[in-house]
Amino acid sequence: MPDLRDTQRPDPDQLLARVQQEESRARRGKLKIFFGASAGVGKTYAMLSAARQQQAQGVDVLIGVIETHGRRDTEAMAEGVERLPLREIAYRERNLSEFDLDGALARMPQLILMDELAHSNAPGSRHPKRWLDVDELLAAGIDVYTTVNVQHLETLNDVVSGITGIRVWETVPDKVFDAADEVVLVDLTPDELLQRLKDGKVYLPNQAERAVRNFFRKGNLIALRELALRRTADRVDDEMQQYRREKFVSSVWQTRDSLLACIGPGEGSEKLVRSTARIAARLEVPWHAVYVETTDLQRLPERNRHRILRNLKLAEDLGAQTATLSGNSAEELVVKYARDHNLAKIVVCRTGGNWRPWRRSFAERVGRIAGDLDIIEVASSEGDEERTRFERQTVSEKSTTPWTSYAMAAVACALAGLAGAVLFPIFDLANIVMLFLLAVVLVSVRYGRGPSVLASFLSVAIFDFFFVPPRISFAVTDVQYLMTFLVMLVVGLITGQLTAGYKYQANVATRREQRVRALYEMSRDLSAALMPEQIAEIGERFIVAEFGAKAAFLLADDNDHLQAPLPSLNGLPIVDREIAQWAFDHGEVAGQGTDTLAATPGFYLPLKAPMRLRGVLALELRSVDRLLIPEQRRLLDTFASLIAIALERVHYVEVARNSTVQMESERLRNSLLSAISHDLRTPMSVLVGLADSLLLTRPAPSGAQAEIAQSLKEEALRVSGQVNNLLDMARLQAGRVTLNRQWQPLDEVVVSALRIIERGIGRHPIQVALDADLPLLEIDFVLMERVFCNLLENAAKYTPAGTPICIGAELSERKVHVWVEDSGPGIPPGKEELIFRKFERGQAESSTCGVGLGLAICRAIIEAHGGEIHAHNRPQGGARFEFSLPRGNPPDFAAAELTDNAEGH
Amino acid sequence: MADNKPVIIVVEDEAHIRRFVRLALEDEQWQVFEADSVKRGLIEAGTRQPDLIVLDLGLPDGDGIDFIRDFRAWSEIPVIVLSARTAEADKVAALDAGADDYLMKPFGVAELLARVRAHLRRRARGSAGGASVYEFGKLRIDLGKRLIEKEGQPIHLTPIEFRLLAYLIANPDSVLTHRQLLKAVWGPSHVEDSHYVRVYMGFLRKKIEDDPTRPRHIFTESGVGYRFVSDSSAATA
């Protein structure tokens, strides 16, 4: 029974989603909401006492913002908890105190208290709403405690305003509430609350006190309390379900009957959106919201269009996937959309008081063509109908078709009449009618629906007046002609409607095709681009063409800093680098029409590529509304992601090219260096060998001869050492040194170095004092050995024979410090740094040989290992060369020991 | 070839080096044949029945490592490689391919002679059959009984340390790469964990050397591996 298994098996996508959710939650801070039915139930107090408990447990607690309203017990509770000073914002000659988000992020507490989540921030703040501040705090990994009243929840807002008669404008989206890690209900019975009110323990704003008093009626309080309790119960239920899903995955696998909300032009749509969001949340299903742009609706007044866009935005905020469909038949498009997206329930707004009784309501029409889909009707709020009607009146007044179109329609009919007059003697009346029909069709094609209606009526009138006997009169002698008029009118109207409809659809199709073509052309052009500048130019060209906006591209460098905008021919928009950086850092849009810094001119869109963000696209739009249309936003997003992908491709092409060049030059350098080293070393080897052979000749050379041969050999070896130094320096200087880093004990390097230069420093006693618990270090053995050799040689060279040299090492938290100390004359003062330069020596002229490369090599090697090297004089005399190396994460050799133990003893 | 003079082949393209190496070796009463390319070297090695080969890594007609691979297919005699100081990777490759020792250019004649002597001695001993009791300076090691004594005092070694020491003793005077040691002691699956060897060499040194900072038996070959020297006065110059 494979079917059964399939239904029982957890959907891997869902499991993955849950795992990802948990992961992102682990990084994010935790949000705890203290939830209450109304003001005065003691949320702030409860939050403070919970915070104090946390503080007592050693958590770093900070009060971000708290509103005690002068209540003494609450004030007392807040004492002893650190408060973040509020930020002063000058706004219209007033100073407003506002929460200091940057201050809080800089302070980085473990837990922050943010009273009144629904608060709207003063203009000029980074986010318009406090919950967005909280979101950023959570994203930064800070835990947040906050308070919310039930009437501030977005979806409950209108319910509460229906009960209390007071509408609150500060709301919190439900998704914030639902995503909270914990919700604590702070409950108080209405009687107790009223008692507290009487005692003056509840803060009431001075203005509109009566309205507020009205709010605190017992009936209201009971209803609010019920809402709060129910909402909390829903959440608890969700948690229970979540728990069950995790524990018994198979038992709660439901089919996803998602919802589709059909947004209309009326006022009721806002309620429709909120209701659908609530239902979707209750059913735990995703939902969509669509708006169908039909020919009729296209001619709506600006205000209605704005409202539609606002509702679409609201739906998006409430978690819906939104779309705008265009076509002639709203119901067909809606049904098709529902089927395409597997949506089983369609939510529509009930249109009360149908003024055209023969016309079916939208719900009925949908029901007729798709009987299998559930239709949920939502009541529109009272009073809407009046407004809609009022607006309908304004529709005709503000009709968009210009009067010239109507004039042209009249002219067309007049022309048809003239032509008819000319042809009247030759043709039948029936054929003259055709002329008028032609005129109507032409008008509808050219000028749309309104003029075509006018043309229909005018044609009938002209035909009747001028052609039907008796002529030059509207009177009709033959009743037959009434039939002609009727048919002519109907045919005219229908053709007009049809033609206008098809023309509109053709327009829509053309626009859509243009969009697709623009995308196609842009991606084709982008695929040919080789430089970021080219990409910016192509992107800009298309954005100017499609959106009529000025565009600027701010690309990120390797350290995630945005660079100055790339130059452009059309002039750059005004770009605020800080906002752009914010958008980049958060990977979210910012500026006009967004949640972040909406007041600034300009729109900032991060360019997301598969690997990382590539930069920010800054737009200066003439009108923000264009971006509110989901199609346009989506088009812009698609543009942005195409551009980002192109930028990434160019970036990687460059990386690949650079590495090829680098490999090539590395190879060249290496072969050059080894050629030189071979050519210099071979004669040296020969010299050393021959000098040695001289010593070994028989009969043995005399004392003087032997001495000469010996010094010959020593000098040759010394020159060879110098050559090594020069070659090493060349290698180290030439670019990145390829280190052969391996984990090794430092003492072995020291031992090996001591053995190599044993002869050179024979006259100096050497003390080795390495910490016993030094960890393994990830170092290049040969190069590190070189460092010790050079330091020891250096010490031996500049100090009198017989003075001790000390090698030591000790461990600090992140580094290992190693030093070589001598008891010589020390470094000439002021030269402590200079001696690490190439060809630099302590004493300018001295009998001591060497060209001064040793310490420069040491520095190059240590720095290649990510360490530092310095020299200074010891207080007790002598020089101390000290370097540090990073500890890293040494591997454990538990496996080696394991094998060892398994062998037994 | 008439008497028991050991035969040594010097494969080196630089005539001067060949010459002084030859002089030095002949001075020791060894018989020397020269070759200046991989091809000539292989021909000489195949016909002269050498006891030891001194090989330069950079040859005009090929890489010395190729020579070693070819040569190791049919012969076990010691190979001493001459190489430039900076080419650690080449040395390791040559040793892993089967070379026994290496000398860095420029090298002293005394050093070369010491190495050649040590390898000839090892070869002679090897043919006499492996002993199980060794004595080096203050150390006495009985591989059969797993006993290690230093100045008469028994030393406790863990099994890994013992295996490491036994492998070193079995290959005296030769340079053993980290890889070879790992493979022999820890097994083929650990050949990349070179820090095992380093850490255990440290342990071993502390146990058997008088002064671990100035070892007399276990020498580190920078960036290459280790060398176990039975008689340090003879091997290191």
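The values are calculated or read from the model by the stated rules, or taken from the named source; none is laboratory data. Being a predicted model, the structure only gives us computed values, none of them experimental. Glycine gets a Cβ as well: all are built from the backbone with ideal geometry, and neighbour counts include every protein chain shown. Surface areas here come from the heavy atoms of the whole protein model, side chains and all, with no ligands, DNA or RNA. Shrake-Rupley method; radii C 1.70, N 1.55, O 1.52, S 1.80 Å.
Shielding value for B:96-106 is 3, the average number of Cβ atoms from other chains within 10 Å of each residue's Cβ. Using a/c under 1.5 as the rounded threshold, could you call segment A:48-206 rounded, prolate or oblate? The axes a ≥ b ≥ c are square roots of the C-alpha gyration tensor eigenvalues, and prolate needs a/b larger than b/c, oblate otherwise. Verdict is rounded for segment A:48-206. Can you give the relative contact order of segment B:133-228 as a percent, counting alpha carbon pairs under 8 Å and 6+ residues apart? With pairs under 8 Å counted, the relative contact order is 24 percent. Projecting the Cα atoms of A:Val820, A:His870, A:Asn794 onto the charge dipole of segment A:738-886, computed from C-beta unit charges around the Cα centre, puts A:Asn794 farthest toward the positive end. Cross-link partners of B:Lys145 among lysines, defined as those whose alpha carbon lies under 28 angstrom from its own and excluding same-chain residues fewer than eight positions apart: B:Lys183, B:Lys206, B:Lys207.
Near A:Gly367: Cβ cut-off under 14 Å, other residues only, Lys/Arg at +1 and Asp/Glu at -1. The net charge is -1. Under 14 Å from the Cβ of A:Leu694, count the other residues' Cβ atoms, weight Lys and Arg +1, Asp and Glu -1, and hand me the total. Result for the local shell: -2.
Cross-link partners of A:Lys336 among lysines, defined as those whose alpha carbon lies under 23 angstrom from its own and excluding same-chain residues fewer than eight positions apart: A:Lys313, A:Lys345, A:Lys503. Projecting the Cα atoms of B:Gly223, A:Val348, A:Leu429 onto the charge dipole of the protein assembly as shown (Cβ charges, centred on the Cα centre) puts A:Leu429 farthest toward the positive pole. With n ≥ 4 as the cut-off for DSSP H runs, can you work out [θ] at 222 nm for the protein assembly as shown, using -39500 (n - 2.57) per run divided by the number of residues, rounded to the nearest 500? After summing the helix terms and dividing by residue count, I get -16500 deg cm²/dmol. Computed on segment A:471-576, with alpha-carbon pairs under 8 angstrom and 6+ residues apart, the relative contact order is 14 percent. Cross-linked pairs A:Lys198/A:Lys271; A:Lys32/A:Lys218; A:Lys713/A:Lys797: Cα-Cα separations exceed 31 Å for A:Lys198/A:Lys271. Think of each Lys and Arg Cβ as +1 and each Asp and Glu Cβ as -1; about the Cα centre, that makes the dipole of the protein assembly as shown roughly 2300 debye. Averaged over the residues of peptide A:781-788, the number of Cβ atoms from other protein chains lying within 10 Å of each residue's Cβ is 3.
For peptide A:740-753, the mean count of partner chain Cβ atoms within 10 Å of a residue's Cβ comes to 5. Across the protein chains, with a 1.4 Å probe defining accessible surface, the residues B:His190, A:His69 rank A:His69, B:His190 from largest area downward. Rg then Dmax, both in Å and based on the Cα atoms of segment B:7-127: 12.9, 35.
A 1.4 Å probe over all protein chains sorts A:Met77, A:Met408 by accessible area into A:Met408, A:Met77, starting with the largest. If R0 is 22 Å, the Cβ-Cβ spacing of B:Tyr167 and B:Arg214 corresponds to a FRET efficiency of close to 0.40. Rounded to 0.05, the FRET efficiency of the A:Arg634 and A:Asp585 pair, given R0 = 22 Å and the Cβ-Cβ distance, is 0.35.
If you take all other residues with their beta carbon under 14 Å from the beta carbon of A:Gly417, and give Lys and Arg +1 and Asp and Glu -1, the sum is 0. In summary, the convex hull built on the alpha carbon positions of the protein assembly as shown has an orientation-averaged projected area of 74.0 nm². Separation of segment A:655-733 and segment A:546-578, taken as the distance between their Cα centroids, equals 56 angstrom. By the gyration tensor of its Cα atoms, with a ≥ b ≥ c the square roots of the eigenvalues, what is the shape of segment B:51-113: rounded for a/c under 1.5, prolate for a/b over b/c, or oblate? Since a/c reaches 1.5 but b/c is at least a/b, the shape of segment B:51-113 is classed as oblate. Cross-link partners for A:Lys608 among the lysines, with Cα-Cα distance under 21 Å and sequence neighbours closer than 8 places in the same chain left out: A:Lys550. A Förster radius of 41 Å combined with the Cβ-Cβ distance from B:Arg140 to A:Leu774 puts the calculated FRET efficiency at roughly 0.80. With the convex hull of the Cα atoms taken as the outline of segment B:133-228, the averaged projected area works out to 5.8 nm². Counting pairs of alpha carbon atoms under 8 Å apart in space and at least six apart in sequence, what relative contact order in percent does chain B give? This gives 14 percent for chain B.
Based on the Kirkwood approach, the hydrodynamic radius assigned to chain B is 18.6 Å, with every pair of different Cα atoms included.
Our summary of shape: the Cα atoms of segment A:403-505 have principal axis extents of 41, 24, 23 Å, ordered from largest down, in whole angstrom. The angle separating the long axis of helix B:15-27 from the principal Cα axis of greatest extent in chain B is about 60 degrees.
Rounded, prolate or oblate: pick one for segment A:92-158, where a ≥ b ≥ c are the square roots of the eigenvalues of its C-alpha gyration tensor, a/c under 1.5 means rounded, and failing that, prolate if a/b is larger than b/c, else oblate. Oblate, since a/c reaches 1.5 and b/c is not below a/b.
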